[in-house]
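Single-structure report; data block below.
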Number of protein chains: 2
Amino acid sequence: MKISTKGRYGTRALLDVALRQNEGLVQLKDIAESQQISLHYLERIVALLVKKGFLTSTRGPAGGVALGRHPADIKISEVISVLEGSMAPVSCVDDPSTCSRAGFCATCDLWGEVKESMEGVLEAVTLQDLVERQQKKLESQPRINTHE
Amino acid sequence: MKISTKGRYGTRALLDVALRQNEGLVQLKDIAESQQISLHYLERIVALLVKKGFLTSTRGPAGGVALGRHPADIKISEVISVLEGSMAPVSCVDDPSTCSRAGFCATCDLWGEVKESMEGVLEAVTLQDLVERQQKKLESQPRINTHE
DNA sequence: CTATTGTTGACCTATTTAATCAAGATTATC
DNA sequence: GATAATCTTGATTAAATAGGTCAACAATAG
Ligand code: FES
Ligand code: FES
């Protein structure tokens, strides 16, 4: 029941960009450094986020990425959905036709409830919420900084 | 975010045994057949459940397994915990000391909430609940039977 | 004793994850 | 328009995990 690094790194990258919105374009190099992620791997992940419109990108010198939508309009559930796929713990939940037991399987009803519950949590939180939470954390621990 | 076959098969196996409680010992062979799981692989999974006391086993002719605890006393969260390990979507949630970002990482607080939410769902459901749900399902669809 | 049934450790294969690399496309700037 | 910085893309790969198999073994009813 783990979230892969794709989902984790991707979420952190988005948060990183959101926190630096006022600084203009953010370079992948800087995100990689502050988030301690391999640059090459981050490129791979960011490409997905760009394709789905969470980020916009600009090539060339002084290029970088920026948020493609307002952070209050980005639900974390959407991000995870793009990076991790469905949150269903078993495939029968999303597509009962793939399973011969569908329709009379009590366990999969339960897995469905688990999915709903996780989605509920992640739908209730936007990137803006994460930004605010992060800022609050940094306030109370002023020595530590996520970038630099 | 998938549950592996270990957790899924194990839960179904327990449910299968619970549904046949009155028939005495249940043989792995029969569980494997009715649940459509490879016998060898099921042995592997059942061994874990026996070790943790969810099942008791008897070897020899006419042997088999039986519930080791009353179904109303077996929370599904315990079963998943034994078969899948912690439900934490990232390891930092369970052991912040493994992560250099712990303490000032807003994303992992969120992953913690996801974990709590999943645990909440699975703690509220016992094997007995699953038995009742399953029986209800079989009632309304009398043609289909999970065993035989 | 013997047939039946669960136990265990070793082994294997396919898939997924996590990453790396290199060539390429775009663009600001001089 | 040459150059260097930056994102893009496809190929490749190493490591981990999932999923399963096998064979030898231990216990026990009859
Ligand atoms: S195992 Fe597929 S519906 Fe339950
Ligand atoms: S990444 Fe480890 S605490 Fe957030």
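Structure summary
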| item | result |
| --- | --- |
| Residue check for residue B:48: under 27 Å from residue B:86 (Cα atoms) and of a type outside the set (Phe, Trp, Tyr) | yes |
| Extreme residue, surrounded by the fewest Cβ atoms within 10 Å (Cβ to Cβ), among residues of the stretch A:20-39 that are within 18 Å of residue A:59 (Cα to Cα) and within 12 Å of DNA strand C (Cβ to nearest atom) | A:24 |
| Candidates B:116, B:84 - the one that is under 14 Å from the mean Cα position of the chain (by Cα) and of a type outside the set (Val, Ile, Thr) | B:84 |
| Yes/no for residue A:17 being away from chain B (no Cβ under 14 Å), away from ligand 1 (no atom under 16 Å from the Cβ) and crowded, with 21+ Cβ neighbours inside 10 Å | no |
| Residues located in the stretch B:101-144, provided they are at the interface with chain A (Cβ under 8 Å from one of its Cβ atoms) and of a type in the set (Ser, Thr, Tyr) | B:107, B:117 |
| Among (1) within 16 Å of ligand 2 (Cβ to nearest atom); (2) exposed (fewer than 12 other Cβ atoms within 10 Å of the Cβ); (3) more than 9 Å from chain B (Cβ to nearest Cβ) - the single one residue A:98 does not satisfy | (1) |
| Residue pairs meeting the criteria (Cβ under 9 Å; at least 6 apart or on separate chains; first at negative phi, in the stretch A:132-148; second aromatic (Phe, Trp, Tyr) and at pLDDT 70 or above) | A:134/B:104; A:137/B:104; A:138/B:104; A:141/B:104; A:144/B:104; A:145/B:104; A:146/B:104 |
| Selection count, the stretch B:13-32, where residues are farther than 17 Å from residue B:68 by Cβ and either in contact with a Leu (Cβ under 7 Å, 6 or more places away or on another chain) or free of Cβ contacts under 8 Å to residues at least 60 places away in the same chain (or both) | 2 |
| Total residues in the stretch A:106-124, condition surrounded by 20 or more Cβ atoms within 10 Å (Cβ to Cβ) and farther than 30 Å from residue B:14 by Cα | 1 |
| Residues satisfying the stated conditions in the stretch A:68-77, i.e. in contact (Cβ under 8 Å) with a residue 24 or more places away in the chain and not hydrophobic (A, V, I, L, M, F, W, C) | A:70, A:71, A:73, A:75, A:77 |
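The values are calculated or read from the model by the stated rules, or taken from the named source; none is laboratory data. Remember, it's a predicted structure, so these values are computed and weren't measured experimentally. We place every Cβ from the backbone using ideal geometry, glycine too, and count neighbours over all the protein chains shown.
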